[in-house]
1. From the residues VAL69, ASN291, SER355, which one has its Cα farthest along the dipole of the chain in the positive direction, the dipole being from +1 and -1 charges on Cβ of Lys/Arg and Asp/Glu about the Cα centre?
2. Which value, in debye to the nearest 20, gives the size of the charge dipole of the chain about its Cα centre, when Lys and Arg are +1 and Asp and Glu are -1 at the Cβ?
3. Could you give the accessible area per residue of the chain, probe 1.4 Å, as a whole number in Å²?
4. Rounded to a whole number, what % of the accessible area of the chain do carbon and sulfur atoms account for, probe 1.4 Å?
5. Restricting to DSSP loop positions (anything but H, G, I, E, B) with no more than 14 other Cβ atoms inside 10 Å of their own Cβ, which trypsin sites (Lys or Arg not before Pro) remain in the range 136-216?
6. Between LYS230 and ASN291, what's the calculated FRET efficiency when r is the beta-carbon distance and R0 is 35 Å? Round to 0.05.
7. Just how large is the dipole of the range 166-291 about the Cα centre, in debye to the nearest 20, putting +1 at every Lys and Arg Cβ and -1 at every Asp and Glu Cβ?
8. Excluding GLU46 itself, calculate the net charge of residues whose Cβ lies under 12 Å from the Cβ of GLU46, where each Lys or Arg counts +1 and each Asp or Glu counts -1.
Amino acid sequence: MRMKVKAAVVNAVNGPYEFEELELQELQANEVIVKLVASGICHSDEALRVGDAEFPLPAVLGHEGAGIVEQVGAGVRDFQVGDQVVMAYNSCGTCPSCRTGHPSSCVSWTTLNMSGARADGSPIFKKLDGTPVSNFFTQSSFSTYTITNVNNLIKVDDDADLRLVGPLGCGFLTGAGTVVNGLQVKVGDSIVIFGTGAVGLGALMMAKVEGCATIIAVDIHDSRLDISKKLGATHTINSKTENLAERIADITNGVGVNFSIDTTGVSAVMKAAIDVLGIGGVTAPIAVTPNSMEMNSFMDLVLLNRSVKGILMGDAIPQLAIPKLIQLHKEGKFAFDQLVKFYDFEQINEASADSNSGVTIKPILLIDKTYRQNEPLPQ
Ligand SMILES: NC(=O)c1ccc[n+]([C@@H]2O[C@H](COP(=O)([O-])OP(=O)(O)OC[C@H]3O[C@@H](n4cnc5c(N)ncnc54)[C@H](O)[C@@H]3O)[C@@H](O)[C@H]2O)c1
Ligand SMILES: [Zn+2]
Ligand SMILES: [Zn+2]
């Protein structure tokens, strides 16, 4: 018998999340059914919901899920029923990129994560009337249960609190990985981070761990800049009320910075992220955005040996990086728990609105409220 699940479904561009009963389809050999405990909401979910990135609807979004293995497919060797897991994105595991440690450059990345169906075209969810419903990232964590691929899964220790760790699967991993793998900052380097949401603050905390000497956080909300200071920013700039170029020149003695990251996706900000670079600097525009950036290739890049680098999912290997982030969190060096706010699963529309308005940096939906119900929320 096929399992029925309760999922938050987006039926139309700009439509709300609507709770529906769906049917999980047959489990394939390399797949696992996960019972969700909690899921973060990432800005990329919102980008799909409002149509900033194309995606086939109806869909179950969500790609920062944490839960417990409920059932394993016939070919699964590394996971057992009862394992605590975080889900990240899917990758094929066998292409040259996967084999050389760059699964976010997997040749099948778009098919496996953005097509809405499995690689063989089959759906993971259907409505009770038989309508196929797209999955996202082979994860679709806005559901009580989901089918995911073994390549999505990261086993975490039994002492990890699944109510907290889901967002390590995307937002915080992306920020942290961009600094370590994508930009490969060195001790003493300088970096400007534009936009201090979950991705920007993940980058900021990792820049501190890696020993960057100058870490400049830029945002338009003072409350975000206050948090940035607490988490290790050496300087903060409110680009709405301060002159960005003057402040950067002042802080860097006129030479500019080694690295910058844009998480805002605003055209002018992406350009500003080039302008703050010194000679040989690298900028990573990593927002999911329909906007373009305008620059002159010679004046802005060539003449100063600068580069622009796209970095997907922090170019990280989730199975190696997420346990490290959990360890850094235990040591107090990656305090992402200070950035989360918990909501009931049923409050998904409110949680999403709070993320959009800036009230909440990282909303986490509690899907299985019986998990560690006698323990206080990890915050
Ligand atoms: N490249 C990837 O693999 C990847 C992975 C995950 C998320 N993302 C994307 O990264 C982006 C950031 O995600 P997030 O969850 O941190 O979002 P967020 O909305 O929480 O953070 C964005 C921040 O930018 C600030 N901001 C907005 N306009 C600004 C401006 N003009 N100047 C300065 N600051 C401004 C906001 O105040 C906010 O603090 C999103 O576009 C998301 O889709 C990319
Ligand atoms: Zn691959
Ligand atoms: Zn994401």
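The values are calculated or read from the model by the stated rules, or taken from the named source; none is laboratory data. Worth saying up front: this structure is predicted, and the values here are computed from it rather than measured. All Cβ positions, even for glycine, are placed from backbone atoms using ideal geometry, and neighbour counts span all protein chains on display. Just the protein is used for accessible areas: all its heavy atoms, side chains included, with ligands, DNA and RNA removed. Shrake-Rupley method; radii C 1.70, N 1.55, O 1.52, S 1.80 Å.
1. VAL69
2. Computed charge dipole of the chain: roughly 560 debye.
3. Here the per-residue accessible area is 41 Å².
4. 50
5. LYS186
6. E between LYS230 and ASN291, to the nearest 0.05, is 0.70.
7. That gives the range 166-291 a dipole magnitude of about 200 debye.
8. The answer is -2.
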